[in-house]
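**Student:** Handing you a structure now.
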């Protein structure tokens, strides 16, 4: 390995380990607040909330989504549902008809213009002090809204994000996402403590209406309007917190292809919004998000790509050596004896092992936060084995498209 | 940025740095342990060879049975494998690796000389290959694979490998008395020198007894299967 390659590896490992330790320290310092939040009594004086459900060809899932909102433990007179049909061409309109007589529900229809335009269309009809959105592929738990509202403990807090879980995962790709999402639940909570939540996810982030009154509506924002609005809020020093115990279920992509498309859109959106909001990077006035979290999020993409690249090159070199060996000396079918001596224990291997342990610790903590218990399932093995190999697929493509200013397709 | 945050940034930095330093020291400690293990094997082999030599000098006529049991070709192979792994991980320029390699080369020469005498006296039926290679040589790498394979297949085949450019008078003498030229890899079998890559078939041609050994092994394998 050349000196430069070695230095990059050491630096990348240092940055990755530092991030894990920083997050684990945040957890250790703030774990009592997590418990306190979980024990906090539900508010009795509940404010009125509107939930916008943008939908485009969602005939399969829309009923379940609406029913889960209707089923919320929240006073009916204080909960409005605004459904915006963004020019669906399937049977969505007919499915929606069965809700027409429900006084809580308002059904709107417009020409197709993308999710952000559907949200803005719905926002015009909002008269309540709080507003949120629920994607038509997501469902809420009964207590979710109450828990979220209970997190608006001061007038400073302008938005509260929920904890998102994967709905009934079955395929390997979904099981990998199950671990990834629970890791996300931990991460978002820590970012909340740091005042650095940089995304208000489409599924059920609740805002004060004031946010949109002051900042305007959603923007196209490279297909990631939920990321842009959070950055715009930070830019205007508006506070976002996370309710880790307010659960939302989302239907995760079932195949690698659909996951790739979704993540390509997210990463591409992230990178392009970062370019739009580059004025926040390394600026003290934006605190942790500007000084550490956003730069770290960008650097982590390069680290992931570099590690995978190195892994592939090393595997190719070893493969070529093995091929040459078989070619020269034939295939030796005898099993080589195992000897500890031949395990290469260098600083890189040791630090990588420590990072892996840190990852496992975070997975366990996030499971405790999400499911109330710690357990080791096959999903964790899939995640540890495959995630590092598949994530670079969309990271590389998103980076390429951003660098050469190429648009990506929406769905 | 709030004060507790700055403290956390610093504490995380200290912990990360400590883990890194520990990793570097731990890796170094393990590496030293491995080198110590290699030295121990070398010393054992050295003692074994020395004891055989002393024995032969004392008795003039040495006992074939005794000698046969003392020299452990397996041990020398074990040492070679460990040394080449260490060379791979620490790099050929490492001073420790260089010293170990010199010692290993000496042990190989001593073993070769002694075993040749044993062979002559006792008719142990061993065949010897002296193999010369150099760093950064693709053909040598391939030749290494072939010889390793042959060594595994035929325990009576004793392969001694030498870095052509090693700074060791004994190896230089070995090269000059056998008139080995620089075009490597070079394989020395029974007073014949073969330059360039020699495939398994080439070597089988140069050592006809390999075929017999192979047939014998096949026969044994079939009889075991049948029984």
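No value in this document is a laboratory result; all are computed from the given coordinates. The model shown is predicted, which means the values in this text are computed figures rather than measured ones. As a convention, Cβ positions derive from the backbone with ideal geometry for all residues, glycine included, and neighbour counts pool all protein chains shown.
**Student:** With both bridge residues required to lie in the range B:125-227, what share of the DSSP beta bridges run antiparallel, to the nearest 5%?
**Tutor:** Looking only at bridges with both residues in the range B:125-227, the antiparallel portion is about 55 percent.
**Student:** In peptide A:349-356, what is the residue-averaged number of other protein chain Cβ atoms found within 10 Å of each Cβ?
**Tutor:** What the average comes to for A:349-356 is 3.
**Student:** Between helix B:138-153 and chain B, what is the angle of the helix's C-alpha long axis to the longest principal axis, kept within 0 to 90° and rounded to the nearest 10?
**Tutor:** 60
**Student:** Using a Förster distance of 41 Å, how high is the FRET efficiency between residue A:343 and residue B:190, based on the Cβ-Cβ distance and rounded to 0.05?
**Tutor:** Once rounded, the FRET efficiency stands at 0.55.
**Student:** Okay, next question. Just rank A:284, B:90, fewest to most, by other beta-carbon atoms within 10 angstrom.
**Tutor:** Taking fewest neighbouring Cβ atoms as first place, the list is A:284, B:90.
**Student:** May I ask for the percentage of alpha-carbon pairs in the protein assembly as shown that lie more than 39 Å from each other?
**Tutor:** Details: 100293 of 203203 pairs.
Roughly 49 percent, once rounded to a whole number.
**Student:** Is there a simple number for the mean count of other chain Cβ atoms within 10 Å of the Cβ of residues in A:22-31, and what is it?
**Tutor:** Across the residues of A:22-31, the mean count of other-chain Cβ atoms within 10 Å is 3.
**Student:** Sort out for me the Cα centre separation of the range B:97-158 from the range A:81-138, rounded to whole Å.
**Tutor:** First find each Cα centre; the distance between them is then 80 Å.
**Student:** Continuing with the same structure: Could you order peptides A:30-42, A:291-303 by the average number of other Cβ atoms within 10 Å of their residues, highest first?
**Tutor:** Those peptides, ordered most packed to least, come out A:291-303, A:30-42.
**Student:** Right, another one. What is the angle, in °, between the Cα long axis of helix B:209-226 and the longest principal axis of the Cα atoms in chain B? Nearest 10 is fine, range 0 to 90.
**Tutor:** 80
**Student:** Compute the separation of the alpha-carbon centres of the range B:176-213 and the range A:203-247 and state it in Å as a whole number.
**Tutor:** 76
**Student:** Related question: For the residues A:397, B:121, B:219, what sequence is obtained by ranking on other C-beta atoms within 10 Å, fewest first? Show your work: numbers first, answer last.
**Tutor:** Numbers: A:397 17, B:121 14, B:219 10.
Fewest-to-most Cβ neighbours within 10 Å comes out as B:219, B:121, A:397.
**Student:** If the viscosity is 1.002 mPa s and the temperature 20 °C, what Stokes-Einstein diffusion coefficient in µm²/s follows for the range A:47-138 when Rh is the Kirkwood radius over Cα pairs?
**Tutor:** Stokes-Einstein gives a translational diffusion coefficient of 166 µm²/s.
**Student:** Helix B:95-122 sits at what angle to the longest principal axis of chain B, using alpha carbons and giving 0 to 90 degrees rounded to 10?
**Tutor:** Helix B:95-122 sits at roughly 20 degrees to that axis.
**Student:** Which residues does the label zone of residue B:152 cover in the range B:207-221, counting backbone N under 14 Å from a point 7 Å along Cα→Cβ?
**Tutor:** It comes to no residues whatsoever.
**Student:** Grab the beta carbon distance between residue A:142 and residue A:298, set R0 = 35 Å, and tell me the FRET efficiency rounded to 0.05.
**Tutor:** With a Förster radius of 35 Å, E is 0.35.
**Student:** A further question on this structure: Averaged across B:14-24, how many Cβ atoms of other chains sit within 10 Å of each residue's Cβ atom?
**Tutor:** Average neighbour count from other chains, rounded to a whole number: 6.
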